[in-house]
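**Q** Here you go, one structure.
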There are 2 protein chains.
Amino acid sequence: MTIQESARTSEERPQRADARRNHELLLVAARELFEEGADPSMEAIAKRAGVGIGTLYRHFPKRIDVVEAVYRDDVEQVATVAERAVLELDPWEAVDVFMHAFVSYALGKRRFLNELREAFEKNPELKSASRERLDGAVRLVVETAQRAGVVRTDLTSEEIYGLVGSMCMSASLTAEQCERLIDLILDGLRVR
Amino acid sequence: MTIQESARTSEERPQRADARRNHELLLVAARELFEEGADPSMEAIAKRAGVGIGTLYRHFPKRIDVVEAVYRDDVEQVATVAERAVLELDPWEAVDVFMHAFVSYALGKRRFLNELREAFEKNPELKSASRERLDGAVRLVVETAQRAGVVRTDLTSEEIYGLVGSMCMSASLTAEQCERLIDLILDGLRVR
DNA sequence: TAGTATACGGAGGCTCCCTCCACTTAGCAA
DNA sequence: TTGCTAAGTGGAGGGAGCCTCCGTATACTA
């Protein structure tokens, strides 16, 4: 990169308002469609967002970039739930709310597991970064509750993450079963 | 099914010679292409086999049927190696030859793991049947060697299968590393 | 308000998967 | 050997999806 280029990079104009709006619309549309079913086409995503196909490709040059963006956004949302819950709720409620949010996030991922795996393959950083972010979120919520004495301390947050995560990914459990099992797990975690 | 239909089914004419030949050619071509790289198109498979696209579709109505057929064939070949090795070689040599064949089979699968997963999803019987067939092959070779006193008996064949299988599927190990590690494993298994 | 960099949108190219059907041939019976 | 026919072949083309290109529109700046 030349000096001029690097200078231009740092004093770049901000994105135009319509571009920012469309980026957001596309992300929302894509997430909806991924959650609804299998493999929405790029055309379908653009249409749902109410923009042209060219605009979609301007924002996400390849299909896999859409998958990646939706996933990053989802991870961010779950992590944010953790942070807000710890601040705004009492420690046990925070565990309860976060775990349910986590399960619903993870169950949503089942829909496009194959595409996600491809994204991980293409870009290993995506996998490790998300893993870390989620791990941190679980740790924050669980350890806060442990310090408050409302969650048993003979389990680490990694173990709990592992248990809940693998339950959600299990092909033999339905979403409904997972929703019920998370209550069982929460019950087992709680100190009364 | 009517009586006539079931009667016809059992006394059906055998496949014509050209059909049998083309089926075999297609299977060979498909395996070659899958091993060579990623995602050969149906056109490419037909071309490599030297037949028209229509012929390919007569033998394998969907792309996934090609994947499935190649996989079944591969599993069969590895299992056959086990059976022949036990009959024709001394017990330790049989373990050695079979394990190397198994690793090379498993490494080949990395190429089209995604397609394979789809095939498993669509047809769970494929997965369980192959798993059983391979499990039996490992057991045959290992237990024969254990009875002959050349392989340690404090490990079960399932454990060995698990170890070698997961090594081959590990994304962080190259094929070359797996080839070297299998020798290390074999060394550890051997009773001298 | 005019000028311009930025962004939009969709026609169309390319590559796939798969279908359809006119043509060919292996195998059988006379 | 010959003729018949069910079985098999091959490839043009339909349809869908990913992505590119570029003429048009518009948000920002001065």
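**Q** Looking at (1) outside the structural domain of B:Gln146 (by TED's automatic domain parsing); (2) at pLDDT below 95; (3) surrounded by fewer than 16 Cβ atoms within 10 Å (Cβ to Cβ), find the lone condition where B:Met42 falls short.
**A** Of (1) outside the structural domain of B:Gln146 (by TED's automatic domain parsing); (2) at pLDDT below 95; (3) surrounded by fewer than 16 Cβ atoms within 10 Å (Cβ to Cβ), only one is false for B:Met42: (2).
**Q** Among the residues of the range A:107-138, which ones are open to solvent by 70 Å² or more (accessible area, probe 1.4 Å) and part of a loop (DSSP other than H, G, I, E, B)?
**A** Matches in the range A:107-138: A:Arg111 only.
**Q** All but one of (1) more than 19 Å from A:Arg31 (Cα to Cα); (2) touching a residue at least 12 places away in the same chain (Cβ under 8 Å) hold for A:Glu176; state the number of the condition that does not hold.
**A** Every listed condition holds for A:Glu176 apart from (2).
**Q** Which residue pairs have Cβ atoms under 9 Å apart, sit 6 or more places apart or on different chains, and have a first residue in the range B:13-37 that is more than 18 Å from B:Ile53 (Cβ to Cβ) and a second that is within 10 Å of DNA strand C (Cβ to nearest atom) and modelled with pLDDT under 90?
**A** Short answer, once both residue conditions are applied: B:Arg20/B:Pro14.
Residue by residue, here is whether (1) surrounded by 17 or more Cβ atoms within 10 Å (Cβ to Cβ); (2) more than 14 Å from chain B (Cβ to nearest Cβ); (3) among the small types (Gly, Ala, Ser); (4) under 30 Å from A:Ser172 (Cβ atoms) holds:
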| residue | (1), (2), (3), (4) |
| --- | --- |
| A:Arg20 | no, yes, no, no |
| A:Thr55 | yes, yes, no, no |
| A:Asp65 | no, yes, no, no |
| A:Tyr71 | yes, yes, no, yes |
| A:Asp90 | no, yes, no, no |
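**Q** Return the pairs, sorted by first residue and then second, in which the second residue is aliphatic (A, V, I, L, M) and outside any helix (DSSP H, G or I), the first residue lies in the range A:123-150 and is not assigned by TED's automatic domain parsing to the domain that holds A:Ala79, the beta carbons are less than 9 Å apart, and the residues are 6+ apart or on different chains.
**A** Short answer, once both residue conditions are applied: none.
**Q** Another question about this same structure. If a residue has to be of a type in the set (A, V, I, L, M) and over 28 Å from A:Leu116 (Cβ atoms) to count, how many in the range A:126-160 make the cut? Before the answer, list the steps.
**A** Taking the range A:126-160 and keeping what is of a type in the set (A, V, I, L, M), we get A:126, A:129, A:134, A:137-138, A:140-142, A:145, A:148, A:150-151, A:155, A:160.
From what's left, over 28 Å from A:Leu116 (Cβ atoms): A:145, A:148, A:150-151.
Residues meeting the conditions: 4.
**Q** Here's a follow-up. Tally the residues that are over 23 Å from B:Asp135 (Cβ atoms) and within 14 Å of another protein chain (Cβ to nearest Cβ), restricting the search to the range B:165-180.
**A** Qualifying residue count, the range B:165-180: 2.
Conditions (1) within 11 Å of DNA strand C (Cβ to nearest atom); (2) closer than 14 Å to B:Leu116 by Cα; (3) assigned by TED's automatic domain parsing to the domain that holds B:Lys122; (4) in contact with a Pro (Cβ under 6 Å, 6 or more places away or on another chain), marked per residue:
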site	(1), (2), (3), (4)
B:Leu27	no, no, no, no
B:Arg31	no, yes, no, no
B:Ala49	no, no, no, no
B:Thr55	yes, no, no, no
B:Glu68	no, yes, yes, no
B:Val75	no, yes, yes, no
B:Val78	no, no, yes, no
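The values are calculated or read from the model by the stated rules, or taken from the named source; none is laboratory data. Everything quoted here is computed from the prediction, not taken from an experiment. Cβ atoms come from the backbone with ideal geometry, glycine included; neighbour counts cover every protein chain shown. These area figures cover heavy atoms from the full protein model, side chains too; ligands, DNA and RNA do not enter into them. Shrake-Rupley method; radii C 1.70, N 1.55, O 1.52, S 1.80 Å.
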